[in-house]
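So the structure is just underneath, and the comments pick up after that.
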Amino acid sequence: MKIDMIIVGVIAALSGLFALYSTFGIAGAIAGLAVIGIYALLLQVKLQKLEEKTFFQNIRFKVPIILVLAGILWVLAGKFNFPVWWQIEFVAFALVGFFFFTLLDWKTLKLEKSNFDWTIRILATYALASTIFIVVTAQLPQFDPEFELSKLNRPPVKLEGLAGPEVIAAGREVFENNKCFNCHKVFWEGNSDRGPNLGSKQIGLYPAAYIKDQILSPRRNQSPGFDDPKSKKAMPTYYGEDLSEDELIALVSYLKTMRDPTRMPIEGKFGQQWTWWDDKDIIAEGQQVFEGLHPQAEGLNCAVCHGKDGIPMMTGALDFRNADNTDTTKIEGDHTDKLLKDWPDALWYRRVTRGVPNTPMAPWGTIFPHLYLWKAEAYARTFHDPLEKRTAKRPVPAVPTKEEIEKWQTDGMFMDPLL
Amino acid sequence: MLKQPRSLLQNAFAKTLFGLIFVYLLGHLAPHLTASSSSIVSNLNFQTLAYAAEDDEEEEYEEEEEDDEDGEEESAEEEDLSYLTDIGPAAEHEFAEFSFLGFSNRKFTWFAAQLHILFASFILGCPMFVVIMEVMGARRTQGVRKAIILSNVFLAILIGVVIGITGEVIVGIHHGVLYGLWACAFGALIVSFLNYFHRLMNIRASALIGAAFGTLISAGLTPVEHYEVSGIMLAVINGAVGGLISNGIMFARSDFKFERLAHEITKVIGICYSFTALTGGLFLFVMLVAYKDFITYLIASFPTLFMVAYPTLFILETVVMYIYVYSWDPLNKANKKGRHIVTGIILNVLGLTLLVALDGPATFMQTPTKPLADLLTISEWDKISNMAWMPLNYHRLVGNGTFGGYMVCIIGAYMYLWSNKNEEREYYDWVGYIGNIIGVAIMIPLPAMGYIFVREIYQYDATIGMYIMSDRESMFMLVQGLLVGTMFSASNIYMWVSMKRIENAQRFFPAMKFGFVLIIISAAIWFTPRRFFATMLPEPGMNPDMVLPDNLAFLALMISKNTAAFCLVTVTFINYIFYTIATKTGKVHYGKVNPLGPYVLIFLGFSDIWLMSWMGTIRELSRMNWHIYKVFKDVTPEKFAPTLAESGFFVTTIVWTFFILMTAIIWIGIKYPKTKATKPAQEAAPQMAE
């Protein structure tokens, strides 16, 4: 019997350790070992016969311990930036622990002397359970059913007679109703990072046909960094059946607004992301654009002035090989002292899309898709900062806040008024 | 001898019942529960964080808006509002609202349906439990051993399916269910058969033979192109389990306590059967009044099922059930125990078939067979065998088993409290222990069944899954986590309390206390949500900052939840091992459990029934504003999801109703015959050997 138990215990412990190791790595396995060790130690403790404690004896050490523990949990949770409700949750669980351990050490209940005793106790048991469940369900965050009702009573999306902003708003509604936010964030807004953040990725840079195809046939082009089997299967394939043509148009219109004039597009899963500055595929494509070879950006040829190998072909053209080059002084009220190597993304984007007045540097953003302009910039940087010599990737910038995004619009940073 | 009750008020049962009804009415008759729980009353004065603070302002605005709306009505007359009703058969819908004591159409339906399901679960879950108990209590006569071959195969099928599906979900074994089912069943069959005439093999040999034979047969019967090691391993394990349980049961020393337990529960099942039929009728009538178009459409979609299969199965099950209940003593006396066990297995097979058949329309409402354009032309079978059908079958099978275990806990606890004699108390103390062990043991694979059910729903239409996990039902799921944690905790507290009546068991107490620390930590992690607002995106009045920062979000992901669940299960399992060792090495003083024990069992049972009702609520609400998802739209005024507060209160109302009825049923079925008897009750006597 004992041997059987030991064998079962060892197998269970090893399985548990393996599971913890596979999930959390070495730290998980160490935590598992620690738990097993504590169990083994505690089983060696020779406990004397249990003595009944009075209520005061029962709680006299538990109360100060739990108060200290609750305080520590509150402070620690605050230090780790848990919002206040999580702090409350952790402290609440500490109190649950207090209740548990008080109950465990509670002295043996007196036997019921009459039917009245157990009737009261049964009712108290039901009342306790009911109170817990009713209070918990009443105190957790609620939603307003009227809000859902108003959404359900809204007519389906019909684009006839709608203007641009209304179409975009309708698209946002389609995005919400189909719970796209569950997997896709849009900049700061959204639920999880299961799929790409469509704001940081700047899905709006891509052509409408491509975006539509991504919705209808999501398996065709997997977003970089989401190549694992789970991610490949994550995006549902039924939107073609579910969405009407009007809804699809509205949705694509909304997605087309997802652009960022201040940051290079970002790829990859949260925690393993990179910017286009360090994306070799993007840089290779950017080279094609830069050299006037990209079929989708026909007519755009940066090398004509800046030189195929970075040696400027025209006087005044920026020499990308010189990391210490300075910004142009030809634009009144728009100049930075920062050296080329330190230029913010926003400056790169602004100079290329808006150009430099009275020079051959035209406002290319009014002529060519911005998608290719960003790519060309990623390549241009390699002249003074070659990809193969980089020791670290450029840091992925923080996701813009709601206020920041609103500022892009008020400051007119987009060339398209609908953005 | 027990004292006779002298008057109604001195009668313990009457007092309990009056008390329960009194508290129930106090709670339930909180006046005017509205459909929307934005009112303070429906939140029971526990106002909530999300939008509560703005209520006063909103009410003022609402009044103004009402005036505006009146003015707008005329201009809106010509507006095309057909989109509200133009979905499929709902086009001509004329809806009538009924209201009574705060009950609306939806709440009447909700109440009747949930009550029906609870009773149905009892009469489906408990017979599984009863047959196994009956086998354990029967003397191993020739006839009984024949019946045990059948009962072993039946039990092995259930266990094989559960292990198989768990392997399929956790390890990803292709056709895990089939491997599990065939291997366990045939492993059990061969070992039972070989051991029928003589004790041919010991326990280890049984495992070996079961594994070898079960694996061979399952490998032949499972349709796979290539054999995979994982599948074969699963078959080996299942075959061995089948062999082990067969040997164990075949040669178990018959204990009359099991026979008595089975018999007593059967008496309760008989009464519950009537309540199942009553509440089923009530449910249908309510549907015919509240949602007549929809229920007509649903029944018409399954003509063979509702006109032929369901009534036939129902009548057959009724007949077999009454034969089973009323033939208990006669067959015992006639020394035909084996036949009675076989009747019990037939009853179970019929019950499970009925469950599986009715899961067809239930899941059809959630995942109607695609493509939806073909719904009018596909066969009835195609409609039944929709994507969520088998997962719900597995889920309900295991859920009903758990339910049965916890109902036994409650019966044991009640009877313990209602018993005056020491022998009775010893016996019902033991009943509570058995109920708890079975309830917890079957509950362990339940999360895997729930997982596979939701996984299928996600694959069918991720929108439903997201509505459950991340949108309006996310807080409902949080409550589910809390309930599961509560149940594991209560179960472990019961083990702790009952170990105090075992000699020398205190040597395990320090380790068990450490286990409780782990339980609390695990429960806290399980409970931790990604955000503390109740929808996918914050709606007006909600606090958008109540979101875990990205670097802490892992605490709310499945990786952490699974670890917490694993920890809860492991600690419970370890405590069970401690308990088992303690019972083997120390004397158990049955009947002297700390009086806290029975109340913990009642709490546990209440939590289980509450959780079951809660999960039913989640499943029904997950169809959003559809009676049949994307086929038959709900165009009634109550098409929205009720709030958490309102749902919590209403579910509590339903569970109270169920418990009041069950208290009465347990009294009438078990206690009352004892109090009436003038001499010691003539319990079913163990039958003579053939």
Only unsatisfied item for A:Lys49, checking (1) open to solvent by less than 50 Å² (accessible area, probe 1.4 Å); (2) within 10 Å of chain B (Cβ to nearest Cβ); (3) among the basic types (Lys, Arg), is (1)
* Regarding A:Phe90, is this residue at the interface with chain B (Cβ under 7 Å from one of its Cβ atoms), touching a residue at least 12 places away in the same chain (Cβ under 8 Å), surrounded by 18 or more Cβ atoms within 10 Å (Cβ to Cβ) and of a type outside the set (A, V, I, L, M)? -> yes
Kindly indicate whether any position in the range B:525-533 is among the aliphatic types (A, V, I, L, M) and surrounded by fewer than 18 Cβ atoms within 10 Å (Cβ to Cβ).
no
### Query
Does the range B:274-282 contain at least one residue that is surrounded by fewer than 19 Cβ atoms within 10 Å (Cβ to Cβ) and in contact with an Asp or Glu (Cβ under 7 Å, 6 or more places away or on another chain)?
no
* Flag for A:Val135 being more than 7 Å from chain B (Cβ to nearest Cβ) and either within 29 Å of A:Ile66 (Cβ to Cβ) or in a helix (DSSP H, G or I) (or both) -> no
(message) Yes or no: the range B:591-600 includes at least one residue that is closer than 30 Å to B:Ala373 by Cα and touching a helix residue (DSSP H, G or I) at 6+ places or on another chain (Cβ under 9 Å).
(response) no
Requested in this report: Answer yes if at least one residue in the range A:52-74 is in contact with an Asp or Glu (Cβ under 9 Å, 6 or more places away or on another chain) and at the interface with another protein chain (Cβ under 10 Å from one of its Cβ atoms), and no otherwise.
Outcome: no
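For (1) more than 7 Å from every other protein chain (Cβ to nearest Cβ); (2) in contact (Cβ under 8 Å) with a residue 24 or more places away in the chain, each residue gets a yes or a no:
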position: A:Ala94; (1), (2): yes, yes
position: A:Glu112; (1), (2): no, no
position: A:Asp117; (1), (2): yes, no
position: A:Leu149; (1), (2): no, no
Screening B:Val484, B:Val431, B:Val408 for residues that are open to solvent by 10 Å² or more (accessible area, probe 1.4 Å), more than 10 Å from chain A (Cβ to nearest Cβ) and either within 30 Å of A:Gly190 (Cβ to Cβ) or in contact (Cβ under 8 Å) with a residue 40 or more places away in the chain (or both) leaves only B:Val484
Over the range B:557-574, the set of residues under 24 Å from A:Phe133 (Cα atoms) and buried (at least 19 other Cβ atoms within 10 Å of the Cβ) is B:Ala564, B:Ala565, B:Cys567, B:Leu568, B:Thr572
Within the range B:511-524, residues being more than 26 Å from the chain's Cα centre (by Cα), open to solvent by less than 20 Å² (accessible area, probe 1.4 Å) and facing chain A (nearest Cβ under 7 Å) number 1
Over the range B:586-603, the set of residues open to solvent by 10 Å² or more (accessible area, probe 1.4 Å) and facing chain A (nearest Cβ under 9 Å) is B:Asn594, B:Leu596, B:Tyr599, B:Val600, B:Phe603
Flagged in the range B:315-331 as part of a helix (DSSP H, G or I), in contact with a helix residue (DSSP H, G or I) (Cβ under 7 Å, 6 or more places away or on another chain) and farther than 18 Å from B:Thr353 by Cβ, in numbering order, are B:Val325, B:Trp328, B:Leu331
Among A:Arg354, A:Arg321, the single one that is touching a Pro at 6+ places or on another chain (Cβ under 6 Å), of a type in the set (Lys, Arg) and open to solvent by 80 Å² or more (accessible area, probe 1.4 Å) is A:Arg354
Residue hits (the range A:152-180; facing another protein chain (nearest Cβ under 9 Å) and either assigned to a helix (DSSP H, G or I) or within 27 Å of the chain's Cα centre (by Cα) (or both)) are A:Leu152, A:Glu176, A:Asn177, A:Asn178, A:Lys179
Only one of (1) crowded, with 17+ Cβ neighbours inside 10 Å; (2) within 21 Å of B:Gly401 (Cβ to Cβ) does not apply to B:Gly248, and that is (1)
For the range B:147-174, pairs from a residue that is under 18 Å from B:Ile442 (Cβ atoms) to a residue that is buried (at least 23 other Cβ atoms within 10 Å of the Cβ) and of a type in the set (Asp, Glu), with Cβ under 9 Å and 6 or more apart or across chains, are B:Ser151/B:Glu134
Selection from the range A:170-221 of residues hydroxyl-bearing (Ser, Thr, Tyr) and closer than 19 Å to A:Thr401 by Cβ yields A:Ser192, A:Ser200
Reported set for the range B:346-395 where residues are polar (S, T, N, Q) and farther than 18 Å from B:Tyr297 by Cβ is B:Asn348, B:Thr353, B:Ser385, B:Asn393
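A quick yes/no check of all residues on (1) of a type in the set (A, V, I, L, M, F, W, C); (2) farther than 30 Å from B:Val547 by Cβ; (3) touching a helix residue (DSSP H, G or I) at 6+ places or on another chain (Cβ under 6 Å):
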| site | (1), (2), (3) |
| --- | --- |
| A:Ile6 | yes, yes, no |
| A:Ala31 | yes, no, no |
| A:Phe55 | yes, yes, no |
| A:Ala77 | yes, no, yes |
| A:Phe90 | yes, no, yes |
| A:Ala94 | yes, no, yes |
Do the conditions hold for B:Ile123, that is, is it open to solvent by 10 Å² or more (accessible area, probe 1.4 Å), in a helix (DSSP H, G or I) and more than 30 Å from B:Arg199 (Cα to Cα)?
yes
Item to check | Test result for B:Val454, without any contact (Cβ under 8 Å) to a residue 40 or more places away in the chain, within 28 Å of A:Phe90 (Cβ to Cβ), more than 11 Å from chain A (Cβ to nearest Cβ) and within 22 Å of the chain's Cα centre (by Cα) | outcome: yes
Being open to solvent by 10 Å² or more (accessible area, probe 1.4 Å) and closer than 24 Å to A:Tyr239 by Cα narrows B:Thr343, B:Thr377, B:Thr363 down to just B:Thr377
Only one of (1) in contact (Cβ under 8 Å) with a residue 60 or more places away in the chain; (2) open to solvent by less than 60 Å² (accessible area, probe 1.4 Å); (3) at the interface with another protein chain (Cβ under 8 Å from one of its Cβ atoms) does not apply to B:Ile577, and that is (1)
Report yes if A:Leu95 is open to solvent by 60 Å² or more (accessible area, probe 1.4 Å), under 38 Å from the mean Cα position of the chain (by Cα) and within 25 Å of B:Ser607 (Cβ to Cβ), otherwise no. yes
So the helices (runs of 4 or more DSSP H) completely within the range A:184-265 holding 3 or more residues that are open to solvent by 20 Å² or more (accessible area, probe 1.4 Å) and more than 13 Å from chain B (Cβ to nearest Cβ) are A:208-216, A:245-255
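The values are calculated or read from the model by the stated rules, or taken from the named source; none is laboratory data. Quick caveat: nothing in here was measured; it's all calculated off a predicted structure. Cβ coordinates were reconstructed from backbone atoms using ideal geometry, including for glycine residues, and neighbour counts include every protein chain displayed. Just the protein is used for accessible areas: all its heavy atoms, side chains included, with ligands, DNA and RNA removed. Shrake-Rupley method; radii C 1.70, N 1.55, O 1.52, S 1.80 Å.
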